[in-house]
Each structure stands twice: as structure tokens, then as C-alpha cells.
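Colleague: Before I ask anything, let me first share the structure, which is written out below as C-alpha cells.
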Amino acid sequence: LDSCAGRIAVLSDGSRFPTRTVVWTAGVRPHPLLAATDLPRDDRGRLVCTAALQVAGAEHAWAAGDAAAVPDMSAGEPGKECAPNAQHAVRQARVLADNIISSLRGRPLRDYAHQHAGSVASLGLHKGVAYLYGRKLKGYPAWLMHRVYHLSRVPTFNRKARVLAEWSLAGLFKREIVSLGSLENPRAEFELAAGTGRRPEGT
């Protein structure tokens, strides 16, 4: 995709497609900064780590999340690594913090091991899919599970209450059409915040 402006998608071969909807998909890759280090990296550019989240061969280097290739201890097959997703990253961060403290105090380190629970996804209002502990769900139960899971990940009780209140109100009333203008001019607020002084027509 060379460009996508004026509702026209232009590909590198010169093909042009009128469109009002763009769906972007991409994988996850570590920050290019890692390439400037002499730390061991795998073929994807991630830091090669032990199960204790130490960078292999570097005593005082640690890594977690998207930048780390961590062995999946719960997979039951050699060579398997943890997926670069939030479910692992949040849990790895806790183990990493505990292990750094343990290393400073001369205590044994703990390996990171987390059994992947599954995946949930929303496909619109009251529609969703889920795969949890080997069982498949769809429709309203999967959508509700998606909402419950993401609400549980929101930090602090105050924010949880605000999000729950917003979701509850959204379920009782129709969509606020005032906000639909941002769909036609999604860059408007960014340009104002950047200080360009421009506001596209219709906003």
C-alpha cells in the first residue's frame, strides 16, 4: 500500500481502489534499538531469554514482553516460545520484578510459566467469539466474556467503575451520532492538538 488518501487506496503496482474502509493488520516486532546492542537475539530480533527472564549469557540483563523470546514452560514441547501478547507480558513483568529483587538479595530465581487460557474477541454489539480452555463459544456469551475479561484488566477500581458505567449507558441508549463526524475526518483532532490551526470542513 503506497498511499490511502482521498478515499483512494494506491498499491505499489499502480492499482487504485476506491474505499472508505481500511483494515490494517500487522505482526509484532521488537524495537529496532535492540539491533544496536551486542545481546543475543533470535531470527525475529527478539532477545534470547531463559525461563527466568534473564537474557541468555548476560548476567545482569533482563527482558519481558514483545522484545523477549521466552521459553513456554507450559507448552509441553521443546522450542516453543511464549506469544508476544499482553496476557504474557503483564504476567512476565511481575515475575521479572520478583526475580530482579531475588537476584539482588541472593535468592533463587523463579521460572515464568503460564498456561494460556485462550482468546476472546468482540465482533460487534452482543456478538463475539471465544476459545477458552479448549472450548469454543460464540454470540452473546463470548461477547460478554470479552467485556468481562477486559474490564478485569482495567487498573484501579475507579476506572473500572467509570468504564462499566459507560458500557451500561451505551447499552441502554442508541449511539451518540454527534461523534460520527470523526469517522469522516479522523485527523481533525490530531491536527488541532499539533497546533496546525486547521480544522477540516464538516467538523
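The values are calculated or read from the model by the stated rules, or taken from the named source; none is laboratory data. A quick note: this is a predicted structure, and the numbers were derived from the prediction, not measured. Because the Cβ atoms are built from the backbone with ideal geometry, glycine has one as well, and the counts that use them run over all protein chains shown. Accessible surface areas use protein heavy atoms only, side chains included; no ligands, DNA or RNA. Shrake-Rupley method; radii C 1.70, N 1.55, O 1.52, S 1.80 Å.
Colleague: At a 1.4 Å probe, what is the % contribution of carbon and sulfur to the accessible area of the range 65-144?
Modeller: Carbon-and-sulfur percentage of accessible area, whole number: 57.
Colleague: Something else about it: Work out the charge dipole of the chain with +1 on the Cβ of Lys and Arg and -1 on the Cβ of Asp and Glu about the Cα centre, then indicate which of 40, 158, 10 is farthest towards its positive end.
Modeller: Checked the options; the winner is 158.
Colleague: Once amide H atoms are built 1.01 Å from N in the peptide plane, which residues 5 or more positions from residue 52, or in another chain, come under 5 Å H to H?
Modeller: Long-range HN contacts for residue 52: 112.
Colleague: Is the range 1-55 rounded, prolate or oblate when judged by the Cα gyration tensor, a ≥ b ≥ c being the square roots of its eigenvalues, rounded requiring a/c under 1.5 and prolate requiring a/b larger than b/c?
Modeller: On the way: a/c = 4.66, a/b = 3.16, b/c = 1.48.
It comes out prolate by the Cα gyration axes.
Colleague: Which residue fluctuates most in the GNM of the chain (Cα springs below 10 Å): 36, 161, 117?
Modeller: Answer for the Gaussian network model of the chain: 36.
Colleague: Moving to a separate point now. Name the lysines eligible as straight-distance cross-link partners of residue 160: C-alpha to C-alpha under 30 Å, and not fewer than 8 places from it in the same chain.
Modeller: Cα-Cα hits under 30 Å: 127, 136, 138, 174.
Colleague: Something else now. Where does helix 86-104 land angle-wise versus the long Cα axis of the chain, in degrees 0 to 90, nearest 10?
Modeller: Computed tilt is about 30 degrees.
Colleague: Suppose accessible area is computed on protein heavy atoms with a 1.4 Å probe; arrange 149, 133, 112, 140 from highest to lowest.
Modeller: Descending order: 133, 140, 149, 112.
Colleague: Could you give the length gained on full extension between residue 20 and residue 36, defined as 0.36 nm per residue of separation minus the Cα-Cα distance, in nm?
Modeller: 1.8 nm
Colleague: Suppose R0 equals 41 Å; then what is the FRET efficiency for residue 126 and residue 77 from their Cβ-Cβ distance, rounded to the nearest 0.05?
Modeller: Once rounded, the FRET efficiency stands at 0.65.
Colleague: Further, regarding this structure: In degrees from 0 to 90, rounded to the nearest 10, what is the angle of the helix 157-172 Cα long axis to the longest principal axis of the chain?
Modeller: 40 degrees
Colleague: So, one more: At a Förster radius of 35 Å, what calculated FRET efficiency corresponds to the Cβ-Cβ distance of residue 7 and residue 51, to the nearest 0.05? Spell out each step's value before the answer.
Modeller: On the way: r = 50 Å, r/R0 = 1.42.
So the FRET efficiency works out to roughly 0.10.
Colleague: Still on this model: Taking only protein heavy atoms and a 1.4 Å probe, what accessible area per residue, in Å², does the chain have with all protein chains in place?
Modeller: Dividing the accessible area of the chain by its residue count gives 74 Å².
Colleague: If you don't mind, another one. Let a ≥ b ≥ c be the square roots of the eigenvalues of the Cα gyration tensor of the range 1-145; is it rounded (a/c under 1.5), or, if not, prolate (a/b larger than b/c) or oblate?
Modeller: Since a/c reaches 1.5 but b/c is at least a/b, the shape of the range 1-145 is classed as oblate.
Colleague: Among 112, 54, 129, pick out the residue whose Cα is farthest towards the positive end of the charge dipole of the range 16-167, where Lys and Arg carry +1 and Asp and Glu carry -1 on C-beta, about the Cα centre.
Modeller: Sorting the options by dipole projection puts first 129.
Colleague: Report the net charge of residues surrounding residue 150, where surrounding means a beta-carbon distance below 14 angstrom and charges are Lys +1, Arg +1, Asp -1, Glu -1.
Modeller: +4
Colleague: Additional query: Once every Cα of the range 91-191 carries one equal point scatterer and solvent is ignored, give the base-10 log of I(q)/I(0) from the Debye formula at q = 0.14, 0.19, 0.24 Å⁻¹, two decimals.
Modeller: -0.83, -1.06, -1.19
Colleague: Based solely on its DSSP helices, what 222 nm [θ] is calculated for the chain when runs of n ≥ 4 H residues each add -39,500 (n - 2.57) and the sum is averaged over all residues, nearest 500 deg cm²/dmol?
Modeller: Calculated at 222 nm, the ellipticity per residue is -9000 deg cm²/dmol.
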